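Chemist: Below: one structure in structure tokens.
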Amino acid sequence: MAPNSQWNGQFSRFDLVAKTAERCRTVIHIRELTIGDSAFVVMAGPCAVESEQQLLTTAEAIAQAGAQVLRGGAFKPRSSPYSFQGLGVDGLKLLSKARRETGLAIVTEVMSEEDVDIVAEYADIMQVGTRSMENYSLLEALGGCGRPVLLKRGMTARLEELLQSAQIIAEAGNPEIILCERGIRTFETATRNTLDLAAVPVLKTVSHLPVIVDPSHGTGIRCLVPLMARAAAVIGSDGLLIEAHPTPEKAWSDAAQTLSLEEFDEMMRDLRRYVHFAPVFDIVGPQLLVAGGPN
Ligand code: PEP
Ligand code: MN
């Protein structure tokens, strides 16, 4: 894809994450898994770790359906102080048990710099949530955590600001970053957030980092998730982050956007028909390397 000249210099000043002729793509290796090469990686699981039975049932089902990474929040950033805040370290222990039993890698959120060491002890991938994208002391602390970081786009952040946060993690010593489009706040209220799918080809063109899409938070509506997942696969996303639960209607958080395990399996079967259509983003436009530009 020929880069749009409007992007001249807008992104290239984040030199550690910007795409260059020498650095077209970053491939991240996690256990037997690679993210950022031609594989399409699906990360799935409940919004929050609730119990051993909930997590293990989910883990087995998503592994069977073809997912490679189990997600589940142990430290939950909730907008209301009265909502369930997560099981904390007990949740991390359950995630690690699920990994032992299924071989799935684990992604889970880290909310504060004080928790970086404990989360890194259990997680294969450290998730930075939308509310923390601008928590600069957390981003800096992740520079030395020794684990890849899944960096979610802030709900009011421009792509430039997402890449700025990625640059901070890279500058702090950690080049293994996966970007995640999870929807942004707009005036639209029919969906929970506005899933900005154009972010995928833009980010894949201007940055060498892998990009995944989270249609669960991106739409907030269960029936839209498989359709948006299909779209993400077709436009060249490196993977997905999906909320799934054995009994979604009883999920302690994000029930309305969570797939049942049967729906998840159906989505995975559907995706097999579409991942081959994804464009390749290995081309570097020389104009992207020019400093300066709009903004
Ligand atoms: C989550 O993944 O459950 C989550 C809280 O996501 P976000 O930070 O995108 O809201
Ligand atoms: Mn959630």
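Chemist: Helix 225-234 against the longest principal axis of the chain: what's the angle in degrees, Cα atoms only, rounded to the nearest 10?
Modeler: 30
Chemist: Return the percentage of antiparallel bridges among DSSP beta bridges fully within the chain, rounded to the nearest 5 %.
Modeler: Just about 15 percent of them are antiparallel.
Chemist: Another question, then. Please give the net charge around His276, taking every other residue with its beta carbon less than 14 angstrom from that of His276, where Lys and Arg add +1 and Asp and Glu add -1.
Modeler: +2
Chemist: Let me ask another. For a distance above 31 Å, tell me the whole-number percent of Cα pairs in the chain that qualify.
Modeler: 22
Chemist: Once you charge only the Cβ atoms, +1 for Lys and Arg and -1 for Asp and Glu, what is the size of the charge dipole of the chain about its Cα centre, to the nearest 20 debye?
Modeler: 520
Chemist: Which of the listed residues, Ile28, Pro46, Ile62, is farthest toward the dipole's positive end in the stretch 14-66, when Lys, Arg count +1 and Asp, Glu count -1 at the beta-carbon?
Modeler: The residue sitting most towards the positive pole is Ile28.
Chemist: Can you tell me which of Pro246, Pro210, Pro81 moves the most in a GNM of the chain? Springs connect C-alpha atoms under 10 Å apart.
Modeler: Most flexible of the set in this elastic network: Pro81.
Chemist: So which aspartates and glutamates pass the test for Lys250, namely a Cα distance under 17 Å, with those fewer than 8 places away in the same chain ruled out?
Modeler: Candidates past the 8-residue exclusion: Glu50, Glu52, Glu262, Glu263.
Chemist: In degrees from 0 to 90, rounded to the nearest 10, what is the angle of the helix 159-171 Cα long axis to the longest principal axis of the chain?
Modeler: 80
Chemist: May I pose another question? Kirkwood-based Rg over Rh for the stretch 1-94 (C-alpha set), two decimals?
Modeler: Result for the stretch 1-94 is an Rg/Rh of 1.13.
Chemist: Additional query: At most 14 other Cβ atoms within 10 Å plus a DSSP loop assignment makes a site exposed; report the longest stretch of the chain without any exposed GluC sites (Glu not before Pro).
Modeler: Segment 33-187 is the longest.
Chemist: At q = 0.16, 0.19 Å⁻¹, what log₁₀ I(q)/I(0) does the stretch 120-191 have when each alpha carbon counts as one equal point scatterer in the Debye sum?
Modeler: Log10 of I(q)/I(0), two decimals: -0.51, -0.68.
Chemist: Less than 20 Å apart at the alpha-carbon level, and either on another chain or at least 8 residues along: which lysines does that give for Lys152?
Modeler: Here the lysines satisfying the reach criterion relative to Lys152 are Lys19, Lys76, Lys204.
Chemist: Assuming 0.890 mPa s and 25 °C, estimate D for the stretch 81-148 with Stokes-Einstein, Rh taken as the Kirkwood radius over Cα pairs, in µm²/s.
Modeler: Calculated translational D: 195 µm²/s.
Chemist: Within 10 Å of each candidate Cβ there may be at most 15 other Cβ atoms; applying that plus a DSSP loop requirement, which chymotrypsin sites (Phe, Trp or Tyr not before Pro) in the stretch 18-86 survive?
Modeler: Answer by residue number: Tyr82, Phe84.
Chemist: Run the numbers on the stretch 1-145 and let me know its relative contact order in percent, using alpha-carbon pairs under 8 Å that are six or more apart.
Modeler: For the stretch 1-145, the relative contact order is 17 percent.
A short reminder: the numbers here are calculations on the coordinates, not readings from a lab. Fair warning: this is a prediction, and the values are worked out from it, not measured in the lab. Backbone-built Cβ (ideal geometry, glycine too); neighbour counts: all protein chains shown.
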